[in-house]
There are 4 protein chains.
Amino acid sequence: MSIASKQRPRTKPAEERREELMNAAEVLFLEKGIGSTTVGEITAGADVAKGTFYLHFSSKEDIHAALGERFVRAFVADLEAALARASKAGWNEKLAVWVKAATARFLDNGSLVNMLFHTHPRPPDDGPNPIAGNLKALLEAGRDAGAWSLDDPEFTAVFLFGGLHGIVDEVLLGKKRASRARLTQRLQRHFQWSVGLPEA
Amino acid sequence: MSIASKQRPRTKPAEERREELMNAAEVLFLEKGIGSTTVGEITAGADVAKGTFYLHFSSKEDIHAALGERFVRAFVADLEAALARASKAGWNEKLAVWVKAATARFLDNGSLVNMLFHTHPRPPDDGPNPIAGNLKALLEAGRDAGAWSLDDPEFTAVFLFGGLHGIVDEVLLGKKRASRARLTQRLQRHFQWSVGLPEA
Amino acid sequence: MSIASKQRPRTKPAEERREELMNAAEVLFLEKGIGSTTVGEITAGADVAKGTFYLHFSSKEDIHAALGERFVRAFVADLEAALARASKAGWNEKLAVWVKAATARFLDNGSLVNMLFHTHPRPPDDGPNPIAGNLKALLEAGRDAGAWSLDDPEFTAVFLFGGLHGIVDEVLLGKKRASRARLTQRLQRHFQWSVGLPEA
Amino acid sequence: MSIASKQRPRTKPAEERREELMNAAEVLFLEKGIGSTTVGEITAGADVAKGTFYLHFSSKEDIHAALGERFVRAFVADLEAALARASKAGWNEKLAVWVKAATARFLDNGSLVNMLFHTHPRPPDDGPNPIAGNLKALLEAGRDAGAWSLDDPEFTAVFLFGGLHGIVDEVLLGKKRASRARLTQRLQRHFQWSVGLPEA
DNA sequence: AATGAATGAGGTTTCATTCAT
DNA sequence: TATGAATGAAACCTCATTCAT
């Protein structure tokens with residue numbers, strides 16, 4: 001303890017180590033792309049030995065997938081929180097809230113999204129996209145409540161999510177300039193059209 | 001030399017060789033992903049030596065980009081041809097024709113699209129997506145003709161293209177079962193909503 | 001703690017743990033070779049943690065050596081027991097007994113022998129091979145008793161042991177088919193020739 | 001050509017490169033053991049890039065096997081040459097010649113033998129040992145000529161080869177001191193006994 | 001235009017061993 | 001006595017790219 005240099009082999013809860021590795025990987029993937037990031041750089045970033053990586057992940061692809069899942073989980077949690085805060089609102093407002101939250105989250109994490117999901121090969125089949133799934137649930141609820149008319153909520157959810165994603169991508173690639181408010185507003189309008197009927 | 005066994009080094013027009021390499025690469029990229037396809041496999045597929053690759057492309061990334069351009073060129077040509085065939089039709093029908101052609105093309109080449117464009121890093125700025133650009137032009141024409149009401153045709157084009165893309169992806173990933181006709185019909189409806197007004 | 005589920009860290013006598021580790025190692029070395037067996041597999045086989053290995057052996061090489069010693073000890077004990085049972089017999093019969101016991105043991109543990117002794121690097125000098133040493137002692141005794149004529153018992157012992165070993169290897173590699181009795185008989189004949197004189 | 005430093009990428013006939021790699025590997029395997037020799041060291045020794053190794057061998061194990069085959073081939077060729085030189089001699093003399101040649105070759109390449117064949121896992125089944133096979137052929141010829149009496153030449157060949165091998169190993173491990181002439185003589189005697197009958 | 005042997009940096013992964021608990 | 005997370009050196013191998021022919 002006299003010298004602070006070699007006290008390294010510090011055991012940490014697996015969960016914590018895993019998080020640290022994922023954080024390091026996320027930063028590096030973002031900075032230099034996935035292909036150009038080496039496992040060695042990730043472990044250096046997390047301040048552990050290279051072998052430690054393989055105690056927690058089976059490969060670089062594995063940590064990449066974990067990052068994707070973590071992102072989606074947080075995204076959905078965010079949407080649910082926003083919806084919860086608007087629990088008293090009308091259905092159209094709920095939809096607007098959903099669009100606003102999703103757009104904001106996308107714009108704030110744009111490169112992350114690109115990095116995580118615009119990669120080949122895609123995560124083979126992690127089931128239906130949970131974000132679109134979340135929208136689908138909202139659409140169904142609104143339809144069941146008689147607020148909207150929709151014959152295929154899943155189709156509509158996927159379509160709208162795709163549209164939103166496309167718009168946000170375009171913005172993130174710098175091909176469009178637009179205020180976030182204006183963007184959100186336009187997206188809300190498109191969503192609104194697709195649920196068919198005004199609330200009241 | 002007496003027997004024709006070693007007559008292989010047959011020179012071909014550069015254009016032809018280039019095509020053969022691209023075809024081989026396309027098949028392989030589709031089958032195994034870009035990262036896992038080696039230049040050696042591409043040249044083997046095109047039945048040329050490894051060095052020949054670099055006579056026609058400067059790198060693997062280069063052929064990837066060339067593949068993308070070729071695909072988009074053909075896609076847009078297809079859309080234009082479809083539109084030309086419908087030159088006498090009304091605007092809404094033109095839009096329906098566009099959606100039908102785009103959907104068909106996507107479904108027939110879906111994995112190719114994913115492979116070519118869902119890859120990181122994206123070409124930094126090859127201008128706006130030419131397919132969405134094509135749609136935008138259609139929307140503008142329809143608006144200028146007074147058939148539709150749109151305050152931002154580019155936004156709408158990108159949004160609708162994104163939606164279509166999302167739907168088709170979902171289908172291609174096998175997450176949805178639906179007849180192509182029904183799919184097209186639904187997409188047409190969503191597109192129609194977004195152009196605001198019936199042609200009347 | 002309420003339930004007896006985590007009562008695992010049960011201390012055992014060192015000797016027992018050592019044996020268990022050696023047994024696990026022996027099985028694995030046989031199955032997959034020494035180089036391809038990891039310490040982790042050995043400890044898993046013995047149902048202890050990895051660190052425990054180093055409480056009982058200083059290295060993988062160490063356990064390998066221990067295995068060799070254990071095998072030789074048992075082998076020699078077996079030979080001595082067989083010889084003891086034949087203490088009243090004549091010298092040629094004793095030799096036949098030795099050959100029979102050695103052949104049997106070899107055939108039953110052949111791959112073990114190969115694994116233990118055909119490995120590089122060999123233990124630099126653990127003295128002469130104790131099994132050949134045992135044979136040498138027998139040859140010397142017979143010679144001293146005037147039963148056999150041998151000018152260099154060690155040479156003969158090593159030669160005969162090598163021959164026996166070669167034959168058994170061949171059989172174990174499946175290259176020869178022969179009944180054990182026939183094999184033993186032939187080996188006995190070769191041994192007999194080499195001790196020079198009939199007992200008469 | 002002004003500077004001698006960067007004229008490296010010199011293409012050589014595959015056969016030559018292969019030999020150079022094998023020579024480098026042989027030296028290193030001998031010096032430091034197989035396990036401790038890295039492919040990098042082998043290629044450095046052969047003055048080629050690391051990747052070049054894998055153009056000629058699929059793995060370290062592969063070059064090891066190739067070394068073994070090369071050694072056995074040369075060994076057998078040597079035996080055949082010695083026998084050819086003694087083509088006019090009697091059968092017992094031929095046998096003596098065989099033993100002498102085999103012993104000399106073994107002693108001169110002892111560590112090589114150890115390195116190549118005392119390794120686990122053994123080459124799985126490259127058929128019967130060609131050296132013993134060569135001896136077997138000699139024994140059969142002598143028996144067919146009526147010079148010797150042998151009921152199972154293969155058995156005898158394997159046995160004698162094993163014996164010779166055992167003796168030579170012992171010597172090479174430094175456990176025995178003996179002049180080569182004396183050693184050869186004793187081995188010849190043992191071989192002679194095993195072919196049953198004096199020639200005439 | 002075409003070849004393909006050679007390059008060599010850099011990748012992923014393994015595993016014997018240590019040591020704080 | 002026992003644990004097992006952590007280490008980190010080193011191994012094997014791949015492959016985009018070059019260049020002498």
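Things to note:
- Assigned charges on the beta-carbon of Lys, Arg, Asp, Glu; the stretch B:12-57 dipole about Cα centre (debye): 180
- Axis between C and B by rotation; chain C residue with nearest Cβ and distance in whole Å recorded as C:36, 14.
- Computed FRET value (nearest 0.05) for residue A:140 with residue A:62, which takes r as the C-beta separation and R₀ as 41 Å: 0.75
- Estimated dipole of the stretch D:59-194 in Debye, rounded to 20 [Cβ of Lys and Arg +1, of Asp and Glu -1, Cα centre]: 800
- Plainly put, the tip 7 Å out from Cα toward Cβ on residue A:11 is 1.9, 5.9, 7.2 nm from that tip on each other copy, the closest given first.
- Listed cross-link partners A:12/C:50; C:32/D:32; A:32/A:60; C:94/D:136; B:50/D:50; A:136/B:94 are compared with a 26 Å cut-off, the Cα-Cα value being larger for C:94/D:136; A:136/B:94.
- For the stretch C:172-191 versus the stretch A:27-51, the inter-centroid distance based on Cα atoms is 61 Å.
- Separation in nanometres of the label points that stand 7 Å from Cα toward Cβ, at residue B:15 and residue A:15: 6.4
- When only Cα pairs below 8 angstrom with a gap of at least 6 residues are kept, chain C shows a relative contact order of 20 percent.
- Comment: the Cα-to-Cβ extended label point of residue D:89, at 7 Å, lies 3.9, 9.9, 10.5 nm from its counterparts in the other copies, nearest first.
- The residues of chain A present an accessible area of 50 Å² per residue when probed at 1.4 Å with all protein chains retained.
- Cα-based helix-to-principal-axis angle, A:130-144 vs chain A, degrees rounded to 10: 20
- Calculated P(r) of the protein assembly as shown - Cα pairs past 47 Å, %: 51
- The C-D contact accounts for approximately 3500 Å² of buried accessible area, totalled over both chains at a 1.4 Å probe radius.
- With helices as the sole contributors, chain B gives -23000 deg cm²/dmol at 222 nm; each DSSP H run of n ≥ 4 counts as -39500 (n - 2.57), and the sum is divided by every residue.
- Exercise: per-residue mean of other protein chain Cβ atoms within 10 Å, B:160-173: 6
- For chain B, pairs of C-alpha atoms spaced more than 22 angstrom apart make up 56 percent of the total.
- At q = 0.18, 0.19 Å⁻¹ the log10 of I(q)/I(0) for the stretch A:26-133 amounts to -0.93, -0.99, computed by Debye summation with a single uniform scatterer per C-alpha, solvent ignored.
- The share of accessible area on the protein assembly as shown that comes from carbon and sulfur is 53 percent, using a 1.4 angstrom probe.
- Across peptide A:28-35, the average count of Cβ atoms from other chains found within 10 Å of a residue's Cβ is 1.
- Rounded to 10°, Cα long-axis angle of helix D:91-108 versus longest principal axis of chain D: 30
- Principal axis analysis of the Cα atoms in the stretch A:11-57 yields extents of 29, 16, 16 Å, listed in decreasing size.
- Degrees separating the helix D:14-32 axis from the principal Cα axis of chain D, which is the longest one: 80
- Shielding by partners, peptide C:99-105 (average Cβ within 10 angstrom, other chains): 0
The values are calculated or read from the model by the stated rules, or taken from the named source; none is laboratory data. Remember, it's a predicted structure, so these values are computed and weren't measured experimentally. For neighbour counting, all protein chains shown are included, and Cβ atoms are generated from backbone atoms with ideal geometry for every residue, glycine included. Note: areas computed on protein heavy atoms with side chains; ligands, DNA, RNA excluded. Shrake-Rupley method; radii C 1.70, N 1.55, O 1.52, S 1.80 Å.
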